[in-house]
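K.L.:
One structure, pasted below without further comment.
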Number of protein chains: 2
Amino acid sequence: MTCEPIGIIHSPFTAPEGMPIQPAGAAGVRGTAEILPPYLPGLKDLDGFSHLILLYHFHRARPLQLQPTPFLDTEPRGIFATRAPTRPNPIGLSVVRLLRVDGGILQLEGVDILDGTPLLDIKPYVPAFDAPTEVRTGWLEEAAAQVKSQRSDDRFR
Amino acid sequence: MTCEPIGIIHSPFTAPEGMPIQPAGAAGVRGTAEILPPYLPGLKDLDGFSHLILLYHFHRARPLQLQPTPFLDTEPRGIFATRAPTRPNPIGLSVVRLLRVDGGILQLEGVDILDGTPLLDIKPYVPAFDAPTEVRTGWLEEAAAQVKSQRSDDRFR
């Protein structure tokens, strides 16, 4: 299948190094998503939602690594047990806060995404669909607590 | 960008009609994801996680509809304010429970996905990354409560 951008994400992050590695580490970081004109009718009703799931193209990621060493760890992990960008299909996912819809511009907060990233899809975040309970998070159990302070380096360039 | 399947999802649902419309409505429904051999090293460490985010190709969806009438509603909504399959990039997202990893077969529960669906990515579900608080869900505020009983019909064939 072929994916086409529906828009472009703008953020303060112009290089992959030094970025927050998840929205939780990008608290307060503002950004925008500029939606391409053909898709504007699809934004109807979006302003009722406080949070969006963004799917985007990790367009600056290095080639596939099936066992990268993630930012939050010191040993190689299976790519599907990580959120690292060097995936077979380099699709990124972030849950961000929607502040406002200004015509074709979405004003966002909690943006952990590189400036200029091609946006592929927007889905409404719905706890009844997306937030299971009694969750175990494997190797990330301890590491996830560091996500607010940890920043990226150049390992996935 | 071009996406290639990393595996195939198997479920009891062989037609788009009569399916649960979200994992919350597929409680107890078992399914599997069969991962293609080149990607098996990427499954390392996955068994520590109780829940996975699956991204997959809505391969049976009809062409683009920017304002479909969703299963949970009676009026047209912007596609990006819905989870309907007739999206510009027909990528589906479901959070499912991982019961067990049997070699290249993931045993799953809460599978609201059509049998034979091409799997594009697996990400670990991590509440610290993926579960914001103070969420508003717009038109779905009341409708989401129906998700456990509502089933699909043929509107997106």
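K.L.:
Of the residues A:Leu98, A:Leu108, A:Leu72, A:Leu64, only one is farther than 21 Å from B:Pro38 by Cβ and touching a Lys or Arg at 6+ places or on another chain (Cβ under 8 Å); which?
P.N.:
Every option except A:Leu108 fails the conditions.
K.L.:
Could I ask something else about it? Considering only residues that are charged (D, E, K, R), in contact (Cβ under 8 Å) with a residue 60 or more places away in the chain and touching a strand residue (DSSP E or B) at 6+ places or on another chain (Cβ under 6 Å), look in the stretch B:27-73 and name the one that is nearest to A:Ala131 (Cα to Cα).
P.N.:
Looking at the filtered set, the residue picked out is B:Arg30.
K.L.:
I've got another one for you. Take the residues in the stretch A:107-144 that are of a type in the set (D, E, K, R) and open to solvent by 40 Å² or more (accessible area, probe 1.4 Å), then tell me which one is modelled with the lowest pLDDT.
P.N.:
Of everything passing the filter in the stretch A:107-144, A:Glu142 is modelled with the lowest pLDDT.
K.L.:
Another question, then. Kindly indicate which of A:Leu108, A:Leu72 is among the aliphatic types (A, V, I, L, M) and more than 12 Å from chain B (Cβ to nearest Cβ). Spell out the reasoning first.
P.N.:
Details: A:Leu72 fails: more than 12 Å from chain B (Cβ to nearest Cβ).
After applying the criteria, what remains is A:Leu108.
K.L.:
Please pick out the residue among B:Phe49, B:Phe58, B:Phe13 that is at the interface with another protein chain (Cβ under 7 Å from one of its Cβ atoms) and of a type in the set (Phe, Trp, Tyr).
P.N.:
Every option except B:Phe49 fails the conditions.
K.L.:
State all residues of the stretch A:121-140 that are within 13 Å of B:Phe129 (Cβ to Cβ) and not hydrophobic (A, V, I, L, M, F, W, C); if no residue qualifies, say none.
P.N.:
Across the stretch A:121-140, the qualifying residues are A:Tyr125, A:Asp130, A:Thr137.
K.L.:
Moving to a separate point now. Return the residues of the stretch A:30-69 that are in contact with a Leu (Cβ under 9 Å, 6 or more places away or on another chain) and of a type in the set (Val, Ile, Thr); say none if nothing qualifies.
P.N.:
Selection gives A:Thr32, A:Ile35, A:Ile53.
K.L.:
Then there's this: Considering only the stretch B:1-106, give the strands (runs of 3 or more DSSP E) lying wholly within it that have at least 1 residues that are of a type outside the set (Asp, Glu) and open to solvent by 50 Å² or more (accessible area, probe 1.4 Å).
P.N.:
B:7-10, B:30-35, B:91-102
K.L.:
Look at the stretch B:74-113 and say how many of its residues are touching a helix residue (DSSP H, G or I) at 6+ places or on another chain (Cβ under 6 Å) and acidic (Asp, Glu).
P.N.:
1
The values are calculated or read from the model by the stated rules, or taken from the named source; none is laboratory data. Because the structure is predicted, anything quoted here is derived from the model rather than measured. Quick reminder, even Gly has a Cβ in these numbers, built from the backbone with ideal geometry, and neighbours come from all protein chains shown. Protein only, heavy atoms only, side chains kept; ligands, DNA and RNA dropped before computing areas. Shrake-Rupley method; radii C 1.70, N 1.55, O 1.52, S 1.80 Å.
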